[in-house]
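Visitor: Can you read through this structure? Questions will come right after.
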Amino acid sequence: MKLVTAIVKPFKLDDVREALSDIGIHGMTVTEVKGFGRQKGHTELYRGAEYVVDFLPKVKIEIAVASDVLDQVIEAIRNAAHTDKIGDGKIFVFNIEEVVRIRTAETGAEAL
């Protein structure tokens, strides 16, 4: 089992959700986050004053998946979140030791 964490642009969230749904992935956790990488932020004009926005809004998507669908999940996220511009985001993959569904006490892949 794997935990896939993707950091993407906020306007790409619906595209990613649809792409994952198309391959049979329905459960995910979404968190609004801020961050920067090579983008290094940008400047904005507010009431005549210019200021620097260092941390840009992003969306963090976390999905627990079986190892056999990992490549499909990564490809679906990458294709859906891709804009070919700097700041498209990153995908991280972690191993999951154990999963327990609280309601039924199912464990392992059955709990996903």
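Visitor: Can you tell me how many residues in the range 58-112 are over 25 Å from Phe36 (Cβ atoms) and without any contact (Cβ under 8 Å) to a residue 24 or more places away in the chain?
Guide: Looking only at that region, the number is 15.
Visitor: Please return the ranges of strands (runs of 3 or more DSSP E) entirely within the range 37-112 where 2 or more residues are at pLDDT below 85 and open to solvent by 30 Å² or more (accessible area, probe 1.4 Å).
Guide: Passing ranges, in order: 42-46, 49-53.
Visitor: Something else now. Among what's in the range 1-28 and is in contact (Cβ under 8 Å) with a residue 40 or more places away in the chain and of a type in the set (Asp, Glu), pick the residue that is surrounded by the most Cβ atoms within 10 Å (Cβ to Cβ).
Guide: Ranking the candidates gives Asp15 first.
Visitor: Which of the residues belonging to the range 61-112 are small (Gly, Ala, Ser) and within 11 Å of Ala6 (Cα to Cα)?
Guide: Passing the criteria: Ala81, Gly89.
Visitor: Could you please let me know if Thr31 is of a type outside the set (Gly, Ala, Ser), modelled with pLDDT of 95 or more and open to solvent by less than 30 Å² (accessible area, probe 1.4 Å)?
Guide: No; evaluated as a whole, the condition is false for this residue.
The values are calculated or read from the model by the stated rules, or taken from the named source; none is laboratory data. This is a predicted model, so every value here is computed, not measured. With ideal geometry, Cβ positions are generated from the backbone for all residues, glycine too; neighbour counts draw on all protein chains shown. In case anyone asks, the SASA skips ligands and DNA or RNA and just uses the protein heavy atoms, side chains included. Shrake-Rupley method; radii C 1.70, N 1.55, O 1.52, S 1.80 Å.
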